[in-house]
Amino acid sequence: TLDVDDRSIGFHARTAGRVIGLNTIAQAQTRALFNVEAVEDTTFIPLTLEQLDEALRHSPTLAIHLVSVLLRGMARRNKRSIELRLQVDKLARDLKRERDELAATLDQLNKTQARLVESEKLATLGQLAAGVGHELNNPAAVVSRAADFLAEDIEHLTAGTPGGEVFVDSVRTAREREPVSTRVQRQLRNDLAEALGDRILAKRLVQIGITSKEAYEERFADSPDPVAQLDRMERFHRIGTTLRNVDAAADRIVKLVGSVRSYARGNDEAVAAFDIRTGIEETLLLLGHDLGHVAVETNYADNIPEVTGYPGDLNQVWANLITNAIQAMDEAGARLLIDVDRAVGGDVRVSITDNGHGIPEENLERIFEPAFTTKAGRVEFGLGLGLQIVKDIVVRHNGSITVESEPGRTCFRVVLPRAGEIE
């Protein structure tokens, strides 16, 4: 044995008949390297170097046997040293592997914790969105009703004035008229200017909805002061346009609130049958601020059946896929195509296609793996859910999701059954 750091470590065990103590003999040490304990009756033959030297000179046979013992001992020690080295090397490799596994597990734990924190934030945000949405709905409704009351009061106040019906009609026309593109307005101005011979007058008339010479003559034929009447009609037209804008803004607020509340609903919402197209339109409305530079085209087939599931969860799927497509495209020439049609068997199929850079082939089969990301090591796909969770939502609705990608075209396809229980 050998004493190391107050511990006794065993190295060798030998049976009777073996020659021991050769290290001491070979190195001419006065102190043995090992501690030796005899567990049986043992015969010791103490020899001095002089006695050994004399014995070897007088007995060549003894010299041969002694050298053989020395060589066998050295060979055993060398073999044992190699075995120990191999064991140490194996232990070092096992330790490195376990250390790497531990580091990977710790990294995965940190990512999971980060996702849990983000999920908690999203849950809190959903609760806040529901509360804020409820608070916004009320003032939006008040604004819309106020616009109606204001229009009624204007009609009442102007009804008894000279030419009041004309002014009331100007308000109604401006409030109800659909917006016209600048190209169409320019063509109308040119046509009317050619008919009247006055470009400035034609421009003012087109702005208040008078687009023909006949309509102009009909409105101003009996007016004692056409210039003053046109001024007043323009003012009433601006009032009507303002009321239309107020209505549109209030309606947009209500729709945005509905989209946010639909997105924020979690699994506590009831399973229901719903139209996929409604959820996609809500998502496009919700992401409108990110779609300013994107040409969006939607193609909805007729007779699309309803699907059964959680509308809020599926809205999260559309939001993540669309956001991912936006991030993959350059601002110049960005184009997003959304198709909803019927797959084989009558199921509903949603295809979301972008003209971005595409997904590298080596990543294509890994994008649905947990925590896989190519964004500088951060999990920030879409709105923070990741494709793996998107796939989980689709699978939970008994559906499937696939992807095809090449430079300039990436298409995600989601197929959902038109009916069935959610597991």
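Readers should treat all values here as calculations from the given coordinates under stated rules, not as data from a laboratory. Note that the structure is a prediction, hence the values are computed from the model and not measured. Neighbour counts run over all protein chains shown; Cβ positions are idealised from the backbone, glycine included.
Quick notes on this structure:
- 3J(HN,Hα) couplings calculated from phi for the range 102-117 with the Karplus curve 6.51 cos²θ - 1.76 cosθ + 1.60 (θ = phi - 60°) are, in sequence order, 5, 5, 5, 5, 5, 5, 5, 5, 5, 5, 4, 5, 4, 5, 5, 5 Hz; Gly and Pro show x.
- Note, ³J(HN,Hα) from phi for the range 340-351, Karplus 6.51, -1.76, 1.60, rounded to Hz, x at Gly and Pro: 10, 8, 9, 7, 4, x, x, 5, 8, 10, 10, 10
- GluC sites (Glu not before Pro) lying in DSSP loop within the range 31-61, provided at most 10 other Cβ fall within 10 Å: 37, 40
- FRET efficiency for the residue 214 to residue 341 pair, using the beta carbon distance and R₀ = 30 Å, is estimated at 0.05.
- Length released on extending from residue 177 to residue 57, taking residue separation times 0.36 nm less the Cα-Cα span: 30.3 nm
- Global size of the range 42-108: 23.9, 75 Å for Rg and Dmax (C-alpha atoms, Rg to one decimal, Dmax whole).
- Net length gained if the chain between residue 409 and residue 293 were fully extended (0.36 nm per residue, minus Cα distance): 40.0 nm
- Under-5 Å amide H pairs with residue 336, H placed in peptide plane, nonlocal only: 295, 296, 297
- Nearest-0.05 FRET efficiency for residue 395 and residue 33, computed from C-beta distance (R0 60 Å): 0.30
- The simple spin-label model puts a point 7 Å past each Cα toward its Cβ; for residue 70 and residue 328 those points are separated by 7.7 nm.
- Efficiency of FRET between residue 249 and residue 157 - r from beta-carbon atoms, R0 22 angstrom, step 0.05: 0.35
- With the simple spin-label model, which puts each label point 7 Å out from Cα in the Cβ direction, the residue 272 to residue 98 separation comes to 5.5 nm.
- Linear extension gain, residue 195 paired with residue 136, 0.36 nm per residue minus alpha-carbon span: 16.3 nm
- Taking 19 Å as the straight-line reach from the Cα of residue 96, the aspartates and glutamates in range (excluding those fewer than 8 positions away in the same chain) are 107.
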